[in-house]
Ligand SMILES: [Zn+2]
């Protein structure tokens, strides 16, 4: 037997769990698994709470809190997040186009004990909206938490596997660290340094808008990347979303959204 309550806004923001939606995901899987019987109860089903008491409690709740606390819904997206689950599911496709025009690997190096974000993306002409347009495709999330030689090796293997044109590495505080670390593994790699001259949210927003416009596709599923996209809320001081950042670098370079960021070419 497994019982849980969905995380509320408050509990989620103080949770130390790597994935605050862990229990919710278990429940979702169990609902689709014939070996389990699953039950969902709201506060209205509780015989020990009167209708009057419920009305009083819910009087000053936001709609979101009401859904979480009273209806016991698993609201998967954070209210201030730039991406929603609905947007991500709508843009998902099952295979990448064969004629990718350019492929790049975005790398957001770890700051301290965080992960190294490694995301591969490409562009191709796409007819999904009836007319032929250049669309972006998220092809791989190979992010990992490991020593520099290990993440550099992962960058190189992803670059080789996707036959990428270039690696884009963020070099805000590391100087040449990212380039040097990757070149230790493969001196031939085509590499470009990118600098974050503007805040993460300013960089991420035009990319989130491209998703909303249906101009970027996720090729299959990237659970860890997707929970960063739907869980990261600008300005709330959350743990740095390295996968999100790596994806934003890659897609910004490929799709050059109008409100683009300045990228300095080092070599
Ligand atoms: Zn498309």
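Since every read-out is calculated from the coordinates, none of them should be taken as a lab result. Since this is a predicted model, take the numbers as computed values, not measurements. Methodologically, a virtual Cβ is constructed for each residue, glycine included, from the backbone with ideal geometry; neighbour enumeration extends over all protein chains shown.
Annotations
- The Cα-based radius of gyration of region 164-228, divided by its Kirkwood radius, gives an Rg/Rh of 1.04.
- Percent breakdown of C-alpha pair distances by 10 Å bin, ordered from the shortest bin, for the chain: 6, 27, 30, 21, 11, 4, 1, 0
- For region 80-132, the Stokes-Einstein estimate of translational diffusion at 20 °C and a viscosity of 1.002 mPa s comes to 153 µm²/s, using the Kirkwood hydrodynamic radius over alpha-carbon pairs.
- Computed over the Cα atoms of region 88-210, the ratio of the radius of gyration to the Kirkwood radius (Rg/Rh) comes to 0.99.
- On Cα atoms only, tilt of 148-161 relative to the major axis of the chain in degrees: 80
- With Cα atoms, 0 to 90° folded angle of helix 22-31 axis to the chain main axis: 70
- Contact order, relative form, for region 85-255: 33 percent (alpha carbon pairs under 8 Å, 6 or more residues apart, mean separation divided by residue count).
- Each DSSP beta bridge with both residues in region 85-255 is either parallel or antiparallel, and the antiparallel ones are about 55%.
- Among 243, 95, 67, 203, the order by Cβ neighbours within 10 angstrom, fewest to most, reads 95, 67, 203, 243.
- Exposure proxy ranking, count of Cβ atoms within 10 Å, fewest first, for 55, 115: 55, 115
- Inter-label distance, nm, simple model (7 Å from Cα along the C-beta direction), residue 67/residue 102: 3.7
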